[in-house]
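Nothing in this text is a laboratory measurement; each read-out follows from the coordinates by a stated rule. Keep in mind it's a predicted model, so treat the numbers as computed, not measured. We place every Cβ from the backbone using ideal geometry, glycine too, and count neighbours over all the protein chains shown.
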Amino acid sequence: RSFFGYGLVRTSGDFGTQSRPPTDPELLDWLAVEWMEKGWSPKQLHRMIVTSATYQQSAAVTPALLKRDPQNELLARGPRVRVEAETVRDIALAAAGLLSPKVGGPSVYPPQPDSVTALAYGGMKWPTSQGENRWRRSLYTFSKRTAPFAAYAAFDAPSGENCTARRDRSNTPLQALTMLNDEMFLEAARALGRKAATLADSDDAAKATYIFRRLLTRPPADDELAALLDYFQRQRQRLADGALSAADVAADKSATADAAAWTMVARAVMNLDETITKP
């Protein structure tokens, strides 16, 4: 389910006599035996799945495939599902070079509006973490049952009030607004924009390609690169004309128009559907 969006048994929370049967019982049995013979190693099982031809198929839908397997229960095409809430944040931080590789330790408190916990039942001051803890992996984020972390809640993370067998996957305007305006996504975009702006011996095309590859893990097509460069030029002109403040955009009083414009390019690419969708 984590890789394809749905498991071989669609009713993940019910494997009883009244649940739906597996879509491919033989494959389920083979995977179970393979996992056992690999020493019950989850990593070995994950590696086998992601390197399989089934997982690496294109997610493009053709009329023939849609007629034969409309719900993709037979895995006739590759998966196309949004990543989980915590991974959305980790993608942004990793692309910006901010994500901390540290393992273990107490919970951390990434930035979010104070009102999220202050106005919730029981009240609580959110002690925003600083330094490396600000950029720890999302699984280390402190969770308050009566006030879930706001950015994760926007992307359908469980509230912790009950056991969740399968997460919902919604597509709402609030998610786009979160990625555009949430403090941690802004900081990631600024860090990535600074990295692009300071690339040595690089022209604008190379800088745009750098941002695109960091977020989407592939080079841009010619039309995509042209669109990025056009957007960069237009934003740089707005900054030069005084319509926008480079210091405000980049959160740096010494920021140049170029650095601020690359920050805006990073924000735009970070908000592409492909950035948070697999694959």
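Structure notes:
- Of the chymotrypsin sites (Phe, Trp or Tyr not before Pro) in the range 69-150, those whose Cβ has at most 13 other Cβ within 10 Å and which sit in DSSP loop: Y121
- Approximating the spin labels as points 7 Å out from Cα along Cα→Cβ, the D14-to-L139 distance works out to 3.0 nm.
- Listed residue (V50, T11, P63) projecting farthest to the positive dipole end of the range 1-79, Cβ model: P63
- Percent of Cα-Cα distances greater than 31 Å, calculated over the chain: 40
- Straight-line cross-link partners of K278 among the lysines, defined as a Cα under 20 Å from its Cα and at least 8 positions apart when in the same chain: K43.
- Report summary: the helix-based calculation at 222 nm, which adds -39500 (n - 2.57) for every DSSP H run with n ≥ 4 and divides by the residues of the chain, gives -13000 deg cm²/dmol.
- For the pair A59 and Y121, the difference between a 0.36 nm per residue extended length and the Cα-Cα distance amounts to 18.0 nm.
- Diffusion coefficient of the range 1-123 by Stokes-Einstein, Kirkwood radius over Cα pairs, 10 °C, 1.306 mPa s: 87 µm²/s.
- Applying the criteria of a DSSP loop state and at most 11 other Cβ atoms within 10 Å to the trypsin sites (Lys or Arg not before Pro) of the range 77-178 yields K125, R145.
- Helix axis angle, 204-216 relative to the chain longest principal axis, alpha carbon, degrees: 30
- The mean sequence distance of close C-alpha pairs (under 8 Å, at least 6 residues apart), as a share of the length of the chain, puts its relative contact order at 17 percent.
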